[in-house]
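The values are calculated or read from the model by the stated rules, or taken from the named source; none is laboratory data. Bear in mind that the values here come from a model prediction, so they are computed numbers and not experimental data. Glycine also receives a Cβ, built like all others from the backbone with ideal geometry; neighbour counts cover every protein chain displayed. The area values use the complete protein model at the heavy-atom level, side chains included, leaving out ligands, DNA and RNA. Shrake-Rupley method; radii C 1.70, N 1.55, O 1.52, S 1.80 Å.
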Amino acid sequence: MPGLNASAFARALDRLGPFEPRPHVAVAWSGGGDSTALLLLTRAWIDARGGALLALHVDHGLRADSAAEAVALAARARDLGVEFAALRWTGPKPATGVLEAAREARYTLLEAECARRAILHLFVGHNAEDQAETAALRAARRSGPTGLAGMSATVERAQVRIVRPLLGVAHADLLAVCRASGVGWLEDPSNANPATARAWLRAAPPPPPDPAAGAVRVAREAELARRLARAVSLAPEGFARLDVGALGRDDVAVEAAIRIARTVGGGVYGARRARAENALVRLRAGAPVTLGRCRFVPGPAGTIVAREAAHLAPDQPLVPGAEAFWDGRYVVRYSGARTDLRVGALGAAGWAALPPALRATVRARIPLAARAVLPAIRDLEGLLAVPYLLYGRTSAALDTLAGLGVRFRPRHPLAPARFV
C-alpha cells in the first residue's frame, strides 16, 4: 500500500468489506508500532463514518512489566479519545509451547470480548513482513500451497470476523504513520529474542508469499467445501453423519477428515495428517477409529462422528447472566438466579439414570456414540437437566431449562472461510 494514508486505508477496507453503515470495530492493540498505526488509521476511518471504536489490549502476564504497560496504554487511549479495555490471560501457563498457547488465549479473549459487546469486526495489525515470515515458516514445515499462501486478510471465527488490512504494508511505513501523528509506541522484547523463529527470520527477511500459492489455496479450499457439503451433515446436538465414500481418496479427503474431527471434537488444533490418512484407510474397511478427540463409528446409514468420551472438559460452573464455553463445543447461557449449577458431560451413568421411556425415544434420534457426551446440568444433588433431551429431574428443573440456552457452537467451523 504505497503512500499509506487515510484514503489508501479506506480503499483497502473497501476490498475487505462489507461493513455496517456505522461500523463498530475493535482493534487488537499491543501498543507496538504496527497496531498503534492500525489504531490511528482505524480511528480516522471510523470517525468519517460515524461509527464506534474499541482498543482491546491483552495482558498475557508473561513479563513483570506487562500490567504497567496496560495501565500506560489505557492513559494513551484516553488521550487519543478511544475507548479502551484490557484483558488478562489468567490461570496456569504451560511449561512448553507457551507462545502458541498465548496466541490462542489472546484470540479467545479478544473474540469473547467482541461477542460480549456485539462487535462483528476485529482488526489486527499484521504487516507485509509478518506475512512473509508466516509463509517462510510454513515452507520450512512443508505445509504445502495452503501454508505458502500466507495469512488470509479475513478470517471467520465463531463470533467475530478478523480483518487484516495491513498485510501489504511495510513495518517502516506503519512507523511513519505513528511519527506523523506524534504518537509513540512500545517495542516488544520478544521480537529481538534470538530463541524465537520470527526473530531469526527478521535477521534476513524472507521473500513475500507467492501469489500463485494463494490461487492454489482458493481452488483447494473451494473443493474442500464442496466435498464437506456432499459428505457431512452436522446435527444441532453436536455430532455428525458422514458418507466416507463422498470424501474421495486424495489429499482433500484427508484435510476434510481433519476438519470434521476438529469441529466435532472442539479441539484447538487439527489431527496430524498421517493419523488422518490411516484413519480413512480403516474407515473405508469398515473399522471404527478415533481421530482428533472424536470417535468415527461406521454403520449401515453412514459413519457417526461424535466427541470421544476420554479427556472431556471438567464440569464448569454456570454464572447467572454470563456465558460459558464448555469443552470447545457448546455455549451455555443461564439467565436464572441459582449459583449452584454447572455444565458437564451427561456420561454413561447419567444416561442410565434417565427414565426408560425417554431413553427409548432418544435412541431413534441421537446415536449411541453421541449420547454420553451431551452437555448436562447438575446441582449439588446430581443430575438436574439435559437440555437437548428436554429432561428435568423435577418440574422445578424444567423451569430451570426455560432459563438455559445451550447451543452447539464449536471452536472451528466445518468448512474454511474464503481466503483473501
Any residue in the stretch 395-408 that is closer than 17 Å to Tyr330 by Cα and hydrophobic (A, V, I, L, M, F, W, C) sitting within a Cβ distance under 8 Å of a residue that is assigned to a helix (DSSP H, G or I) and at pLDDT 90 or above? List the pairs, counting only those 6 or more apart or interchain. Leu401/Pro387; Leu404/Pro387; Val406/Pro387; Val406/Tyr388
Give the stretch 48-73 a look and list any residue that's out of contact with any Gly (no Cβ under 9 Å at 6 or more places or on another chain), under 18 Å from Ser181 (Cα atoms) and either of a type outside the set (A, V, I, L, M, F, W, C) or in a helix (DSSP H, G or I) (or both), or say none. Ala48
Restricting to the stretch 133-170, name every residue that is at pLDDT 95 or above and in contact with a Lys or Arg (Cβ under 9 Å, 6 or more places away or on another chain). Pro165
Need a quick list: strands (runs of 3 or more DSSP E) entirely within the stretch 273-337 having at least 2 residues that are closer than 21 Å to Leu368 by Cβ and open to solvent by less than 60 Å² (accessible area, probe 1.4 Å). 289-291, 294-299, 302-307
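Among the candidates Ala74, Ala12, which residue alone is touching a Phe, Trp or Tyr at 6+ places or on another chain (Cβ under 7 Å) and either open to solvent by less than 30 Å² (accessible area, probe 1.4 Å) or without any contact (Cβ under 8 Å) to a residue 60 or more places away in the chain (or both)?
Numbers: Ala12 fails: touching a Phe, Trp or Tyr at 6+ places or on another chain (Cβ under 7 Å).
Ala74 is the lone residue from the list that is touching a Phe, Trp or Tyr at 6+ places or on another chain (Cβ under 7 Å) and either open to solvent by less than 30 Å² (accessible area, probe 1.4 Å) or without any contact (Cβ under 8 Å) to a residue 60 or more places away in the chain (or both).
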Scan the stretch 245-272 for residues that are open to solvent by less than 20 Å² (accessible area, probe 1.4 Å) and under 16 Å from Ala306 (Cβ atoms) and report the count. 8
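Any chance the stretch 97-115 includes a residue that's in a loop (DSSP other than H, G, I, E, B) and either more than 23 Å from the chain's Cα centre (by Cα) or in contact (Cβ under 8 Å) with a residue 12 or more places away in the chain (or both)?
Going through the stretch 97-115, the residues in a loop (DSSP other than H, G, I, E, B) turn out to be 97.
Filter once more, keeping what is either more than 23 Å from the chain's Cα centre (by Cα) or in contact (Cβ under 8 Å) with a residue 12 or more places away in the chain (or both): none.
No.
Considering every residue within the stretch 57-67, establish whether at least one is touching a His at 6+ places or on another chain (Cβ under 9 Å), modelled with pLDDT of 95 or more and more than 19 Å from Thr154 (Cα to Cα).
Initial filter on the stretch 57-67 (touching a His at 6+ places or on another chain (Cβ under 9 Å)): 66.
Checking the rest, the ones that are also modelled with pLDDT of 95 or more come to none.
Looking for residues that are touching a His at 6+ places or on another chain (Cβ under 9 Å), modelled with pLDDT of 95 or more and more than 19 Å from Thr154 (Cα to Cα), one finds none in the stretch 57-67, hence no.
For the stretch 209-239, what are the residues that are without any contact (Cβ under 8 Å) to a residue 24 or more places away in the chain and part of a helix (DSSP H, G or I)? Show your work before the answer.
The first filter runs over the stretch 209-239 and keeps only residues without any contact (Cβ under 8 Å) to a residue 24 or more places away in the chain, leaving 211-212, 215, 219, 222, 226, 230, 233.
If the condition is that a residue be without any contact (Cβ under 8 Å) to a residue 24 or more places away in the chain and part of a helix (DSSP H, G or I), then Pro211, Ala212, Ala215, Ala219, Ala222, Arg226, Arg230 are the ones that fit.
Is it the case that some residue within the stretch 251-259 is assigned to a loop (DSSP other than H, G, I, E, B) and either out of contact with any strand residue (DSSP E or B) (no Cβ under 9 Å at 6 or more places or on another chain) or in contact (Cβ under 8 Å) with a residue 24 or more places away in the chain (or both)?
Let us first name the residues in the stretch 251-259 that are assigned to a loop (DSSP other than H, G, I, E, B), namely none.
Checked against the condition, which is being assigned to a loop (DSSP other than H, G, I, E, B) and either out of contact with any strand residue (DSSP E or B) (no Cβ under 9 Å at 6 or more places or on another chain) or in contact (Cβ under 8 Å) with a residue 24 or more places away in the chain (or both), the stretch 251-259 yields no hits at all.
Within the stretch 368-417, can you find the residues that are charged (D, E, K, R), under 22 Å from Val268 (Cβ atoms) and either open to solvent by 40 Å² or more (accessible area, probe 1.4 Å) or outside any loop (DSSP other than H, G, I, E, B) (or both)? Spell out the reasoning first.
The first filter runs over the stretch 368-417 and keeps only residues charged (D, E, K, R), leaving 371, 378-379, 381, 393, 399, 407, 409, 411.
Subsequent filtering for residues that are under 22 Å from Val268 (Cβ atoms) retains 407, 409, 411.
Those that are charged (D, E, K, R), under 22 Å from Val268 (Cβ atoms) and either open to solvent by 40 Å² or more (accessible area, probe 1.4 Å) or outside any loop (DSSP other than H, G, I, E, B) (or both): Arg407, Arg411.
Just a yes or no: is a residue in the stretch 17-27 open to solvent by less than 50 Å² (accessible area, probe 1.4 Å), more than 22 Å from Arg76 (Cβ to Cβ) and not aromatic (Phe, Trp, Tyr)? Steps first, please.
Going residue by residue through the stretch 17-27, those that are open to solvent by less than 50 Å² (accessible area, probe 1.4 Å) are 17, 19, 23, 25-27.
Going one step further and asking which of them are more than 22 Å from Arg76 (Cβ to Cβ), we end up with 17, 19, 23.
Of the ones still in play, those that are also not aromatic (Phe, Trp, Tyr) are 17, 23.
Among the residues of the stretch 17-27, at least one is open to solvent by less than 50 Å² (accessible area, probe 1.4 Å), more than 22 Å from Arg76 (Cβ to Cβ) and not aromatic (Phe, Trp, Tyr), which makes the answer yes.
Here's the yes/no breakdown for (1) modelled with pLDDT of 90 or more; (2) of a type outside the set (Phe, Trp, Tyr):
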residue: Glu83; (1), (2): yes, yes
residue: Ala86; (1), (2): yes, yes
residue: Lys93; (1), (2): no, yes
residue: Thr96; (1), (2): no, yes
residue: Phe123; (1), (2): yes, no
residue: Asn127; (1), (2): yes, yes
residue: Gln131; (1), (2): no, yes
Filter result for Pro375 (modelled with pLDDT of 95 or more and either basic (Lys, Arg) or over 22 Å from the mean Cα position of the chain (by Cα) (or both)): no
Within the stretch 95-133, take every residue that is open to solvent by 50 Å² or more (accessible area, probe 1.4 Å) and not hydrophobic (A, V, I, L, M, F, W, C) and give me the one that is farthest from Ala37 (Cα to Cα). Thr96
